[in-house]
């Protein structure tokens, strides 16, 4: 390794190439946004993230050559919420003559970090990041690339973010459920590392349920994806004693609805059901699903507005919190 003027070791392109088992020219093409296979791109992205390698010429080029392209990193391709926000983002950017470049990570934290570096190497002007979690590696990558990055749906200290009021949404559902007279609950949550959904949303629900002294809550972790959630719920429902099932997302609520139909369990007669998100399909299925509607279009609009302000050198709030609305539908009823 080379050393800088202070005697510290510096990672070079040669070091990256040796570690990845590729030619130096391949690393150079990757760093400059050239043609590299997806497998090699992912490998190089992880090595760059681990070593912290950011060449001076690369950092300088990011500042010198601005483009009219905004990079967006999404958690998965079948995410209703992300797609709703993306529609709003794309519309807003087009009006301002910017183009949208989308990268999917399949809820893989390492791929999120790699995508930050990869998009920066392609000279995007800024990045909108739908992160699964925010780690120190995420923060380092954002600091390294030196371009504006806004988190969507998650928040972290000292980073720009636009979030939903997750605690309030959870509290609304919990309060509504106890108001209907329910005391025995099943909460189908996602993994705890997801701060917004796995922690804040859940805390709002539990705090509201605690206000009823006799209430009991059983917690089960369920997958975000519909098919996996459906298979999990098929095993859970036959032994459920709860009169109300609260799902951390509408996707999970839809999986419960399908499983209930399969098992011939009538909703809301056997148990009430609700989710979060306000997905359009919750108004089409039978029974329609009680949910909390989130301001996805507004989130996209604010994301575009705030990112373009940052590109102009203006100041924006570090955190923007969006309100939500409880939608009462056919899947819930009073419990005697």
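In the set 172, 183, 139, which member is closer than 28 Å to residue 225 by Cβ, out of contact with any helix residue (DSSP H, G or I) (no Cβ under 6 Å at 6 or more places or on another chain) and in the same structural domain as residue 212 (by TED's automatic domain parsing)?
So the residue among 172, 183, 139 that is closer than 28 Å to residue 225 by Cβ, out of contact with any helix residue (DSSP H, G or I) (no Cβ under 6 Å at 6 or more places or on another chain) and in the same structural domain as residue 212 (by TED's automatic domain parsing) is 172.
So residue 193 ticks every box in (1) touching a strand residue (DSSP E or B) at 6+ places or on another chain (Cβ under 7 Å); (2) touching a residue at least 40 places away in the same chain (Cβ under 8 Å); (3) within 22 Å of residue 223 (Cα to Cα); (4) surrounded by fewer than 17 Cβ atoms within 10 Å (Cβ to Cβ) but one. Which box is left unticked?
(1)
With respect to residue 205, is the statement that it is under 30 Å from residue 268 (Cα atoms), in contact with a helix residue (DSSP H, G or I) (Cβ under 6 Å, 6 or more places away or on another chain) and either in contact (Cβ under 8 Å) with a residue 60 or more places away in the chain or crowded, with 20+ Cβ neighbours inside 10 Å (or both) true?
Values: under 30 Å from residue 268 (Cα atoms): yes; in contact with a helix residue (DSSP H, G or I) (Cβ under 6 Å, 6 or more places away or on another chain): yes; either in contact (Cβ under 8 Å) with a residue 60 or more places away in the chain or crowded, with 20+ Cβ neighbours inside 10 Å (or both): yes.
Considered against the rule, which asks whether it is under 30 Å from residue 268 (Cα atoms), in contact with a helix residue (DSSP H, G or I) (Cβ under 6 Å, 6 or more places away or on another chain) and either in contact (Cβ under 8 Å) with a residue 60 or more places away in the chain or crowded, with 20+ Cβ neighbours inside 10 Å (or both), residue 205 comes out as yes.
Per-residue answers, yes or no, for (1) within 21 Å of residue 79 (Cα to Cα); (2) part of a helix (DSSP H, G or I):
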position: 223; (1), (2): yes, no
position: 227; (1), (2): yes, yes
position: 233; (1), (2): yes, yes
position: 237; (1), (2): no, yes
position: 258; (1), (2): yes, yes
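Report the residue count in region 289-329 for those that are crowded, with 16+ Cβ neighbours inside 10 Å and part of a loop (DSSP other than H, G, I, E, B).
4
Any residue at all in region 128-146 that is under 24 Å from residue 297 (Cβ atoms), without any contact (Cβ under 8 Å) to a residue 24 or more places away in the chain and in contact with a strand residue (DSSP E or B) (Cβ under 6 Å, 6 or more places away or on another chain)?
No: region 128-146 contains no residue that is under 24 Å from residue 297 (Cβ atoms), without any contact (Cβ under 8 Å) to a residue 24 or more places away in the chain and in contact with a strand residue (DSSP E or B) (Cβ under 6 Å, 6 or more places away or on another chain).
Filtering region 89-99 down to residues that are in contact with a helix residue (DSSP H, G or I) (Cβ under 7 Å, 6 or more places away or on another chain) and at pLDDT 95 or above, which residue is surrounded by the most Cβ atoms within 10 Å (Cβ to Cβ)?
Only one residue tops the list, namely 89.
Scan (1) in the same structural domain as residue 189 (by TED's automatic domain parsing); (2) surrounded by 13 or more Cβ atoms within 10 Å (Cβ to Cβ); (3) within 21 Å of the chain's Cα centre (by Cα) for the single condition residue 283 breaks and write down its number.
Every condition holds for residue 283 apart from (3).
Could you list, in sequence order, the residues of region 91-115 that are touching a strand residue (DSSP E or B) at 6+ places or on another chain (Cβ under 7 Å) and touching a residue at least 60 places away in the same chain (Cβ under 8 Å)?
Within region 91-115, 93, 98, 115 qualify.
Of the residues 174, 181, 204, which is at positive phi and at pLDDT 95 or above?
Criteria check complete, one pass: 181.
The values are calculated or read from the model by the stated rules, or taken from the named source; none is laboratory data. Predicted, not measured: the structure shown is a model, and the values here were computed from it. Backbone-built Cβ (ideal geometry, glycine too); neighbour counts: all protein chains shown.
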